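The values are calculated or read from the model by the stated rules, or taken from the named source; none is laboratory data. These numbers were taken from a predicted model, which means no experiment stands behind them. Positions of Cβ are generated from backbone atoms using ideal geometry, with glycine treated the same way; all protein chains shown enter the neighbour counts.
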Amino acid sequence: MDNRNVDADEWERRLGIQIRELRLRHNLTQAEVARRANIDRTTVGRIENGEGGSISSLVQITRALSREDWLDTFAPATPAVSPMQQLRERQRREATQRQRARRQAETS
């Protein structure tokens, strides 16, 4: 599915639907999620209805629903060393390693 042309309102609507479905699967009310997330119940309702909300509220709700993995998809951890840096370093080491001459087979 090509999501490049999806506007912010549609993303908010989609996220809201997913949050509502997850909340209902956990058999929780909006008030229970709000209490766990330490936010107002109306904020949960607005986010579920795709009416916006702060990033902070979204983070708190996903944590209250035990879906921190969703946050990792938004902001994955960056490796301390990039894969390209690792490749360049390995190539540099290989290029500077001393090469030994092979013994030639003795002919009798």
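Residues in region 43-58 that are among the small types (Gly, Ala, Ser) and surrounded by 15 or more Cβ atoms within 10 Å (Cβ to Cβ): Gly45, Gly50, Gly53, Ser57. May I ask you to verify whether Thr73 is closer than 17 Å to Trp11 by Cα, touching an Asp or Glu at 6+ places or on another chain (Cβ under 7 Å) and either in a helix (DSSP H, G or I) or of a type in the set (A, V, I, L, M) (or both)? Answer is no for this residue. Whenever a residue of region 35-61 is free of Cβ contacts under 8 Å to residues at least 12 places away in the same chain, its partners that are loosely packed, with under 15 Cβ neighbours inside 10 Å, lying with C-beta atoms within less than 7 angstrom and at least six residues away or across chains, give the pairs Arg41/Ala31; Arg46/Gly52. Applying the criterion of being closer than 15 Å to Arg63 by Cα and polar (S, T, N, Q) to the residues of region 23-42, the residue that is surrounded by the most Cβ atoms within 10 Å (Cβ to Cβ) is Gln30. Exactly one residue out of Arg63, Arg35 is at pLDDT 90 or above, under 18 Å from Glu12 (Cα atoms) and not β-branched (Val, Ile, Thr), and it is Arg63. Could you tell me whether Arg23 is part of a helix (DSSP H, G or I), at negative phi and out of contact with any helix residue (DSSP H, G or I) (no Cβ under 7 Å at 6 or more places or on another chain)? No.
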